[in-house]
1. Tally time: how many residues in segment B:11-54 are outside any strand (DSSP E or B) and either more than 12 Å from chain A (Cβ to nearest Cβ) or under 30 Å from residue A:449 (Cβ atoms) (or both)?
2. Looking at segment A:500-516, I want the residues that are closer than 14 Å to residue A:153 by Cβ and have a partner that is crowded, with 19+ Cβ neighbours inside 10 Å with Cβ atoms under 6 Å, at least 6 apart or on another chain. Which pairs are those?
3. Of all the helices (runs of 4 or more DSSP H) wholly in segment A:437-529, which have at least 2 residues that are within 21 Å of residue A:318 (Cβ to Cβ) and touching a strand residue (DSSP E or B) at 6+ places or on another chain (Cβ under 6 Å)?
4. Can you tell me which of (1) touching a residue at least 24 places away in the same chain (Cβ under 8 Å); (2) more than 27 Å from residue A:136 (Cβ to Cβ); (3) not in a loop (DSSP other than H, G, I, E, B) is the one residue A:380 doesn't meet?
5. Does at least one position in segment A:218-226 carry a residue that is over 18 Å from the mean Cα position of the chain (by Cα) and in a loop (DSSP other than H, G, I, E, B)?
6. Given the criterion within 27 Å of residue A:296 (Cα to Cα), surrounded by fewer than 22 Cβ atoms within 10 Å (Cβ to Cβ), within 17 Å of the chain's Cα centre (by Cα) and not assigned by TED's automatic domain parsing to the domain that holds residue A:184, identify the matching residue among A:474, A:484.
7. Please give the number of the condition residue A:72 fails out of (1) closer than 30 Å to residue A:406 by Cα; (2) touching a residue at least 40 places away in the same chain (Cβ under 8 Å); (3) surrounded by fewer than 21 Cβ atoms within 10 Å (Cβ to Cβ).
8. Residue check, residue B:73 against (1) modelled with pLDDT of 95 or more; (2) over 24 Å from residue A:188 (Cα atoms), all met but one. Which one?
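The values are calculated or read from the model by the stated rules, or taken from the named source; none is laboratory data. As the structure is a prediction and not an experimental result, all values here were calculated from the model. Every residue, glycine as well, gets a Cβ built from its backbone with ideal geometry; the counts of neighbours run over all protein chains shown.
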């Protein structure tokens, strides 16, 4: 239990440990979290109400836990998207002029309601996505709650600007919301990624039209059921459906003021292309192939820090590797390779897999069948390219009720950075290790990728601690830690990983216009005419 | 001359179905997060190609494209486009039908690598 405590504390920062501990203790008795009752189907959430999709059609939502359909989601089209945009525009008339205090209080109420229902939402998220409930309880939901509170806080404290240019000229800088924003959410952290986009947008006074991912359309609808009496009608609208049918008309709309997208590069380009037709701003988060670098000094002592570094390498298995910043390339300085990797492999083998609703299980199911198949195709090409399997390397048949779920063994390959498994985002519990001799070589390998989202640097050397992170072309470099996502730290990519940031109060400016009032107090004409 | 990209019967059938609905199609291999590393199928011309892209060949009469920087890491592998059941995300046209195109890769043999079909590019 002590190990869990350290684990969660260091990984996720602000987490209610007592809640996690009691949740874990509870499940040790009852083992599996209780499955909630789902509605037979969920319509779209538009204008504060659940409404039928225009097509009248719904699609099955299968749980990755067992491959069984547990509810249905609305199959929306352009008509539904237009309705949602209408509702958002209507709401914007009043929402955009509410006081920061009002919006702040409302965000706090949202956070409180989520906290009151943490166990319920964690269970729903696990059923929708397949990830272990140990993580939804300890990471996804606590981070969602904290994120709403963070933006509730910053909008109370921040200010515009004023400057006196000369004795008669004053420049006033104020912020104004963009309007109605379109937000396309990925399936890896359905509630958390939706929160990363929704919280700053509504805090800044915008109204949202949100399109959740096809694989995970349900948890956000369950959340909106809980928030229905808190959020004013039309401020948050959710339209489920398929990319070509519902995502495309949202991205193409002339009536939105911004598109925010998390996903992959081709769709990112397509969305930018659509946005360019309307000269809309976009924010893109498109993934990575993050290096996690371990320098010799890590193994100077077999102490707590060494243990923490070993865990840092095993972080590739967090969320079954379905994280844009999955540390999927481990770079180890040659002289400590044996000592370090022996422990990393042992720790990886100790990952408890099993039923995602079992509070003691550390790693759950991949989110969908096609992902499951894709990961296996990468396991195959990895072996074909000559990479050595240090552990795992295959699917994980858990049998029984889980026979048809999508499980993969946590896998470590040893190879070189030119192999495809070192260059492509596998989005599964698969990492690849290689060695380096010098600091320069570590930096060269780290930057030899199309992407630049995350990176990890582990060392006891004060110079490496600063100089290496600065030399890595990535938006987030974790130094002597990994996979922490505090609301107060900006997150986003360099290179093909996208642009714009999420988290941090700077997000407010991604959802606002700058209004400059340039005021003259002089009564004298300029004299030009 | 050896092809760089081919397709399975399942992918052929799915392309034919989609052609009947949407007309001429094209593919662009994605990279990155979530549904990255998957091929995306669009109506021909819907995705704007640029100088940064390279065409690897055709499958069932549809051009198959990839960004050049990604191709640098993929060029030693042969791609087979398959179709599997599964709920994928993205704007790819097969998504509503509960199917997903999938790229399966293998290394070119030495013999194949000596004689690969030519690449093509966007012409100014």
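1. 27
2. A:503/A:487; A:503/A:491; A:505/A:154; A:507/A:200; A:508/A:200; A:508/A:204
3. Helices (runs of 4 or more DSSP H) meeting the threshold: none at all.
4. Just one mismatch for residue A:380, condition (1).
5. No, because not a single residue in segment A:218-226 is over 18 Å from the mean Cα position of the chain (by Cα) and in a loop (DSSP other than H, G, I, E, B).
6. Checking each option against the conditions leaves just A:484.
7. With respect to (1) closer than 30 Å to residue A:406 by Cα; (2) touching a residue at least 40 places away in the same chain (Cβ under 8 Å); (3) surrounded by fewer than 21 Cβ atoms within 10 Å (Cβ to Cβ), residue A:72 is out only on (2).
8. (1)
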